[in-house]
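Have a look at the structure below before the remarks.
The values are calculated or read from the model by the stated rules, or taken from the named source; none is laboratory data. Computed from a prediction, not measured in an experiment: that's the story for all the values here. Every residue, glycine among them, receives a Cβ derived from its backbone with ideal geometry; neighbour counts consider all protein chains shown.
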Amino acid sequence: MRTPVIAGNWKMHNTIAESRSLVRELKQLIHDVTDVEVIVAPVFTSIGAVVAEVQGSSIKVAAQNMHWEMQGAYTGEVSPRMVKDAGCSHVIIGHSERRQYFAETNQTVNKKVRAALAAGLTPIMCIGETLAEREAGTTMQVVAEQVREGFAGMQATDISCCIIAYEPVWAIGTGKTATPAQAEEVHQAIRGIIAEIGSSSVAASMRILYGGSVKPDNIDELMREPDIDGALVGGASLKADSFFRIVRFQR
Ligand code: 13P
């Protein structure tokens with residue numbers, strides 16, 4: 001009942017020409033995929049070209065970040081309405097690289113999630129613990145706080161419009177994937193928190209994606225877990241054939 005989502009986070013890769021050629025290849029491959037929502041997140045400069053290229057296909061386009069104000073004197077920032085205007089339907093918010101290198105906090109994530117919804121974008125809110133937090137046994141507390149603070153002050157109907165991506169920081173770009181059981185345990189806990197702060201029906205319909213070294217050879221076992229509804233893919237989304245194999249996961 002929850003349509004799976006496979007999203008490719010291209011991070012800071014690909015020029016306009018490279019983005020266009022990657023999405024063109026992908027478009028050919030996934031032309032008959034109807035049971036999975038496929039999203040790609042290029043850099044800002046490539047969004048226009050990618051949006052033009054996906055016309056007539058089911059591929060959706062996300063931005064990797066945005067500011068929370070709709071406009072103003074914020075040199076170097078891009079606003080939610082500009083992201084929407086460029087043709088994006090989704091926006092990744094609070095990725096661990098943004099939290100780690102650009103000082104994003106649960107509070108800025110909350111402002112951005114609300115601003116995305118106000119602009120008609122679907123936020124993909126990223127959460128996840130660091131290696132030190134996992135080793136200290138605080139994973140569940142950290143993740144619970146990220147969910148509660150990320151959605152602070154929001155109505156259940158607004159929370160229901162969001163997607164969550166659970167990305168353990170120690171699994172990102174390291175080749176070290178969480179085991180399906182480790183991921184499932186956290187996904188289940190996240191769904192429990194959504195039931196508390198939203199409602200049981202919001203929790204039942206919320207898509208919770210896993211991210212962190214997702215590859216063609218581990219997607220199937222991850223997707224067999226009942227609370228894993230898709231993936232946010234970094235490195236393996238930069239090649240059309242590996243991303244396509246992930247889109248075509250076998251449960
Ligand atoms: P990798 O798939 O390269 O580990 O990256 C995961 C990620 O950060 C997706 O947002």
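Worth a mention:
- Restricted to region 157-176, and to residues there that are more than 21 Å from Q107 (Cβ to Cβ) and of a type outside the set (V, I, T), the residue that is nearest to the ligand (Cβ to nearest atom) is G173.
- Taken together, the residues in region 67-84 that are closer than 16 Å to I47 by Cα and of a type in the set (V, I, T) amount to 2.
- Those residues of region 50-83 which are part of a helix (DSSP H, G or I) and either surrounded by fewer than 18 Cβ atoms within 10 Å (Cβ to Cβ) or among the acidic types (D, E) (or both), in sequence order: A52, E53, R81
- Among residues of region 6-29 that are without any contact (Cβ under 8 Å) to a residue 60 or more places away in the chain, those with a Cβ under 7 angstrom from a residue that is within 16 Å of the ligand (Cβ to nearest atom), sequence gap 6+ or separate chain, pair up as M12/V43; S19/P42; V23/V40.
- Meets criteria (within 16 Å of the ligand (Cβ to nearest atom), under 20 Å from V214 (Cα atoms), at pLDDT 95 or above and not acidic (D, E)) for I59: no
- First in region 215-239 and in contact (Cβ under 8 Å) with a residue 40 or more places away in the chain, second anywhere and away from the ligand (no atom under 12 Å from the Cβ) and among the aromatic types (F, W, Y), Cβ under 7 Å, 6 or more apart: M223/F249
- Residues satisfying the stated conditions in region 143-197, i.e. closer than 29 Å to M12 by Cα, free of Cβ contacts under 8 Å to residues at least 24 places away in the same chain and in a helix (DSSP H, G or I): Q182
- On the stretch given as region 204-216, residues that are in contact with a Ser or Thr (Cβ under 9 Å, 6 or more places away or on another chain) and more than 13 Å from the ligand (Cβ to nearest atom) total 3.
- Selection of region 84-110 for residues being among the polar types (S, T, N, Q), away from the ligand (no atom under 16 Å from the Cβ) and in a helix (DSSP H, G or I) yields N106, Q107, T108, N110.
- Qualifying residues in region 1-49 (those that are over 20 Å from N65 (Cα atoms) and polar (S, T, N, Q)) - the one surrounded by the most Cβ atoms within 10 Å (Cβ to Cβ): S21
- Options G128, G137; residue that is among the small types (G, A, S) and out of contact with any strand residue (DSSP E or B) (no Cβ under 8 Å at 6 or more places or on another chain): G137
- The set of residues in region 217-251 being closer than 16 Å to A165 by Cβ, within 10 Å of the ligand (Cβ to nearest atom) and surrounded by fewer than 24 Cβ atoms within 10 Å (Cβ to Cβ) consists of G234, G235, A236.
- Scan region 198-243 for residues that are over 30 Å from M12 (Cβ atoms) and not charged (D, E, K, R) and the total you get is 9.
- Among the numbered conditions (1) more than 23 Å from A7 (Cα to Cα); (2) within 16 Å of the ligand (Cβ to nearest atom); (3) free of Cβ contacts under 8 Å to residues at least 12 places away in the same chain; (4) not basic (K, R), the only one that L131 does not meet is (3).
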